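To start, the structure itself, in C-alpha cells.
The values are calculated or read from the model by the stated rules, or taken from the named source; none is laboratory data. In this text, all values refer to a predicted model and were calculated from it rather than measured experimentally. No Cβ is skipped: glycine too gets one built from the backbone with ideal geometry, and neighbour counts run over all protein chains shown. Only protein heavy atoms, including side chains, enter the accessible area calculation; ligands, DNA and RNA are left aside. Shrake-Rupley method; radii C 1.70, N 1.55, O 1.52, S 1.80 Å.
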Amino acid sequence: VPSILRASDLLIHLENRFPVPIHAPGQPYEGIACSTPLLLSGEMFEKISRNFPNTKELFSVVEDPANIEDLKRALGKSLANRTEGCENAKAIREEWLTRNDWAKHVEGHVEVFKKIIPKRLFGIRVQL
C-alpha cells in the first residue's frame, strides 16, 4: 500500500454522514505517512484536524462531498496544484512525526495487552 500511495497524486477520502460516530479514520493517516496529498470530506477532516494544529489550513477539504459542484471544484484545485499539494503533504507529515512518539505509542499498547491477557491461557502459563 505505501508504494501505491507514494505514486498517487491524491488520496480522496470522502466519508460523509457515517453512522458510527466513534469510527476512527485510518486511511488519511496512511496517506499522511506517505506524504500523499489528501482531499477529505469536512466530516473526515473534523475527526483528524485536532492532531494538526499547525498545519490544518494546509489540508484540502470539501465540506459536503454530496455537493457535486463543490466536489468538482475541490478536486480540480487539488489536481491543478500538485506541487503545492506535495509541499503541503510533506509539512503535514512533518508535524505528525514531531507530535507523535512511535515508541511511546507501542509501549502504551503493550501495557494494555499486559492488563487484559490472562496469566494463564488455555492451561499454559503466560509469562509477560
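Here are the numbers for this structure:
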{"read-out": "Residue within region 3-20 that is open to solvent by 90 Å² or more (accessible area, probe 1.4 Å) and in contact (Cβ under 8 Å) with a residue 60 or more places away in the chain present", "value": "no"}
{"read-out": "Matching entry among LEU10, LEU40, LEU71, LEU79 (being touching a His at 6+ places or on another chain (Cβ under 6 Å) and more than 19 Å from LEU97 (Cβ to Cβ))", "value": "LEU40"}
{"read-out": "Subset of region 95-112 (residues that are at pLDDT 85 or above and of a type in the set (Phe, Trp, Tyr))", "value": "TRP96"}
{"read-out": "Hey, LEU10 in contact with a Phe, Trp or Tyr (Cβ under 8 Å, 6 or more places away or on another chain), under 17 Å from ARG82 (Cβ atoms) and at pLDDT 95 or above or not", "value": "no"}
{"read-out": "Within region 46-68, considering residues that are open to solvent by 60 Å² or more (accessible area, probe 1.4 Å) and among the acidic types (Asp, Glu), the one nearest to LEU97 (Cα to Cα)", "value": "GLU57"}
